[in-house]
Amino acid sequence: MAARIENPAKHIGADDIYTRIRRRIVEGHVTPGLTLGEAQLAAEYGVSRTPVRNALARLEQDGLFERVRFGYAVPVRSPEQVVELFEARIILDLAAAELAAQRRSELDLARLRHLLEQAEAATGADLIHINDAFHDALRDAAHNPTLAQLASRVEAQLAAYEARPAGAPDDRQSTQDEHRRVFDAVHDRDPARARSELQAHVHRARDLRIAALARADRKS
């Protein structure tokens, strides 16, 4: 897949460029192994190479890019490396669920409840974004910014590796039911149950990802 070209914009800095390129990677518009150069991106965004260089350096620190001969590229990961990333995300998210059950505010609950309601009517890519937003809101409810940033970084690396299709109807209903049970545990301030319910959810997601990797490996 070729990189999506955006219209140049004036007066954008390294932070804006970082955010835009990161979004393109996470949404699958920059595929693993595709090389992007400083000059190319600077021309695209209508800026000098300095803010582009700074943004690319941050993305490299995030694990979303690596230096190659003619620029930067999204790393090509083996199935084993993808599973490792998933395991790291599971550990971080289970900790976040426990903390969320202890520290959540009424505003946190309102945000989570709203996302559950949105998911009922969403389909396709919208549903994927809402489900991701639920996990983000759960991490925010833990009120530990360091943990949330680490989890978000690992999740971005996973998303960069594989653009995810919308789930099948059975998977969609399972996800919504699992999210609802996690919400109920957080609402009831039950850390052990929040961890247990989220563990069941993320382990099922991990197993689906492993099965998809195995199918792709057989085709290659």
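The values are calculated or read from the model by the stated rules, or taken from the named source; none is laboratory data. Everything numeric in this text was worked out from a predicted model, so none of it was measured. Glycine also receives a Cβ, built like all others from the backbone with ideal geometry; neighbour counts cover every protein chain displayed. We work out accessible area using only protein heavy atoms, side chains counted, and drop any ligands, DNA or RNA first. Shrake-Rupley method; radii C 1.70, N 1.55, O 1.52, S 1.80 Å.
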Just to confirm a number: summing +1 for Lys and Arg and -1 for Asp and Glu over residues other than residue 72 whose beta-carbon lies under 15 angstrom from that of residue 72, what do you get?
+3
What net charge do the residues around residue 136 carry, taking every other residue with its C-beta under 13 Å from that of residue 136, with Lys and Arg at +1 and Asp and Glu at -1?
-1
Mean separation of Cα contacts under 8 Å (6+ apart) over length of the chain, as relative contact order %:
24 percent
DSSP H segments from the chain that extend 30 Å or more along their own axis, Cα-based, with Kyte-Doolittle mean of -1.0 or above
79-103, 191-219
Leaving out ligands and nucleic acids, and using a 1.4 Å probe, what accessible area per residue does the chain come to in Å²?
52 Å²
Based on the alpha-carbon gyration tensor of region 109-162 and its eigenvalue square roots a ≥ b ≥ c, which shape applies: rounded if a/c is under 1.5, prolate if not and a/b is larger than b/c, or oblate?
oblate
Residues residue 69 and residue 146, FRET efficiency given R0 of 30 Å [Cβ-Cβ distance, rounded to 0.05]
0.30
